[in-house]
Amino acid sequence: MSGWLDVHAHYVTERYSEECADAGHGSPDGMPGMPHWSLDAALDVMADSGVAAAVLSISSPGVHFGDDSVDRDAQARDLARHVNEAGAEIVARHPNRFGLSSALPLPDVEGALAELVHAYDMLQTDAVALQTNYHGRYLSDPAFAPVLAELDARSAVVTLHPTSPPDWRRTALGRPRPMIEFLFDTTRCVIDLALSGVLTDHPHIRWIVPHAGAALPPLVHRVTAMSGMLGTPIDPTALLNGLYFDLAGLPLPIALDGLLALVPPARLLYGSDFPFTPAPGVTGLAQALRHAPALQEAQLGLEENAPAAELFPRLRKAQAETARPAC
């Protein structure tokens with residue numbers, strides 16, 4: 001087997017793009033527009049960046065576009081089912097090239113639980129994609145406890161993805177939220193998971209934190225010191241070494257070194273963020289990462305003992321069967 005596993009790759013169906021636009025998310029999170037995605041384009045950028053397989057997920061704004069009204073919940077459930085089945089169809093056609101991280105229609109807990117069962121039992125999903133917040137409600141919200149309990153029971157791999165924070169109109173300074181706010185919302189979410197006890201209460205969930213840990217590396221010791229003063233101490237080493245981190249975004253030239261000062265290379269996974277990061281950006285970053293001295297000991301593919309091989313065993317098996325010579 002050769003090539004990396006991309007754990008932070010997105011897909012966009014025509015219906016998903018249309019429903020986002022109808023709900024006022026035609027320019028998601030303040031970006032210029034929803035990018036076009038196609039299977040051929042995904043395979044091309046994978047080939048150009050040395051990626052053997054990619055785990056697909058829906059990006060922000062997810063599938064639930066409004067409040068907890070019955071109509072909004074029903075729409076979100078239907079859209080989640082659509083994107084998950086569309087993703088599962090791609091995986092079925094190319095089982096050695098793609099995996100699926102299924103979307104849930106949170107904050108609709110009942111719908112999320114039903115979709116979680118469908119994703120695992122019917123679609124054989126490889127992971128579950130969770131946003132950092134759902135209309136201002138973070139994952140430690142007590143109402144979400146049944147979903148976390150089910151994820152823990154299934155030893156789920158969770159691909160965490162940022163979305164706009166609830167107060168973005170005041171904090172984003174008129175810029176697209178992925179520029180700054182995504183990093184801070186990721187950090188806010190993970191620190192909250194630690195301080196609220198979610199990480200320790202659900203030890204079987206395998207969390208993949210995006211964007212090289214966002215702002216966690218420079219902030220984790222400050223949070224640790226203050227958490228001890230407040231009577232809720234956390235161990236920064238235990239916290240970070242219990243998580244995995246993808247390298248989507250711009251881990252070079254600074255962020256990667258900061259992350260590796262706190263975690264070993266065995267906690268790293270590759271991420272492209274395609275198509276929200278355009279193909280030239282994906283291939284340029286992949287080339288830079290391959291030559292980064294800090295990554296020479298990292299195993300970013302599905303080879304034996306690589307972190308991705310443990311997290312995504314179905315894809316490892318599919319890759320191995322493809323590589324096996326014919327008798």
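Every number here is computed from the coordinates shown, using simple stated rules; none is lab data. Small disclaimer: the values here were computed from a predicted structure and weren't measured. Heads up, the Cβs are rebuilt from the backbone with ideal geometry, glycines too, and the neighbour counts pull from every protein chain shown.
Answer with yes or no whether P307 is closer than 30 Å to A92 by Cα, in contact with a strand residue (DSSP E or B) (Cβ under 8 Å, 6 or more places away or on another chain) and not β-branched (V, I, T).
Working: closer than 30 Å to A92 by Cα: yes; in contact with a strand residue (DSSP E or B) (Cβ under 8 Å, 6 or more places away or on another chain): yes; not β-branched (V, I, T): yes.
Taking the combined requirement at face value, the residue satisfies it.
Across region 200-247, which residue is nearest to R267 (Cα to Cα) among those that are part of a loop (DSSP other than H, G, I, E, B), free of Cβ contacts under 8 Å to residues at least 40 places away in the same chain and of a type outside the set (A, V, I, L, M, F, W, C)? Quick ask: steps written out before the conclusion?
Step one: list which residues in region 200-247 are part of a loop (DSSP other than H, G, I, E, B), which gives 202-205, 210, 214-215, 230-235, 242-243, 247.
Okay, now just the ones that are also free of Cβ contacts under 8 Å to residues at least 40 places away in the same chain, so 215, 230-233, 235.
With of a type outside the set (A, V, I, L, M, F, W, C) added as a condition, the list becomes 231-233, 235.
Numbers: G231: 29, T232: 25, P233: 23, D235: 17 Å.
So the residue we want is D235.
If you check F245 against the conditions, is it under 13 Å from the mean Cα position of the chain (by Cα), crowded, with 20+ Cβ neighbours inside 10 Å and more than 25 Å from L151 (Cβ to Cβ)? Full working, then the answer.
Working: under 13 Å from the mean Cα position of the chain (by Cα): yes; crowded, with 20+ Cβ neighbours inside 10 Å: yes; more than 25 Å from L151 (Cβ to Cβ): no.
No: the conditions fail for F245.
Would you check which residues across region 102-136 are among the β-branched types (V, I, T) and more than 17 Å from the chain's Cα centre (by Cα) and list them? Step through it out loud before you land on a result.
Step one: filter region 102-136 for residues among the β-branched types (V, I, T), giving 109, 117, 125, 128, 132.
Passing the criteria: V109, V117.
I'd like to check something: does region 132-145 contain any residue that is under 26 Å from Q319 (Cα atoms), among the hydroxyl-bearing types (S, T, Y) and buried (at least 23 other Cβ atoms within 10 Å of the Cβ)?
Taking region 132-145 first, the residues under 26 Å from Q319 (Cα atoms) are none.
Taking every residue of region 132-145 in turn, none turns out to be under 26 Å from Q319 (Cα atoms), among the hydroxyl-bearing types (S, T, Y) and buried (at least 23 other Cβ atoms within 10 Å of the Cβ).
I want to confirm something. Restricting to region 284-306 and keeping residues that are within 19 Å of F98 (Cβ to Cβ), out of contact with any Lys or Arg (no Cβ under 7 Å at 6 or more places or on another chain) and not acidic (D, E), which single residue is surrounded by the most Cβ atoms within 10 Å (Cβ to Cβ)? Step through it out loud before you land on a result.
Here is the first cut: in region 284-306, the ones within 19 Å of F98 (Cβ to Cβ) are 286, 300-303, 306.
With the extra rule that they be out of contact with any Lys or Arg (no Cβ under 7 Å at 6 or more places or on another chain), the set shrinks to 286, 300-301, 303, 306.
Then drop every residue that is not not acidic (D, E), which leaves 286, 300-301, 306.
On the way: A286: 21, L300: 27, G301: 22, A306: 21.
Top of the filtered list is L300.
Just name the residue that is nearest to I254 (Cα to Cα) out of those in region 274-298 that are assigned to a loop (DSSP other than H, G, I, E, B) and without any contact (Cβ under 8 Å) to a residue 24 or more places away in the chain. Steps first, please.
If we filter region 274-298 for residues that are assigned to a loop (DSSP other than H, G, I, E, B), which is where we start, we get 274-278, 291-292, 296-298.
Still in the running and without any contact (Cβ under 8 Å) to a residue 24 or more places away in the chain: 291, 296.
On the way: H291: 15, Q296: 16 Å.
Out of the qualifying residues, it is H291.
Suppose we filter T159, T171, T200 for residues that are in contact with a Pro (Cβ under 8 Å, 6 or more places away or on another chain) and under 30 Å from V117 (Cβ atoms); which single one remains?
Values: T171 fails: under 30 Å from V117 (Cβ atoms); T200 fails: in contact with a Pro (Cβ under 8 Å, 6 or more places away or on another chain).
Going through T159, T171, T200 in turn, just one is in contact with a Pro (Cβ under 8 Å, 6 or more places away or on another chain) and under 30 Å from V117 (Cβ atoms): T159.
Tell me, yes or no, whether region 109-127 has at least one residue that is crowded, with 19+ Cβ neighbours inside 10 Å and part of a strand (DSSP E or B).
Yes: region 109-127 contains one or more residues that are crowded, with 19+ Cβ neighbours inside 10 Å and part of a strand (DSSP E or B).
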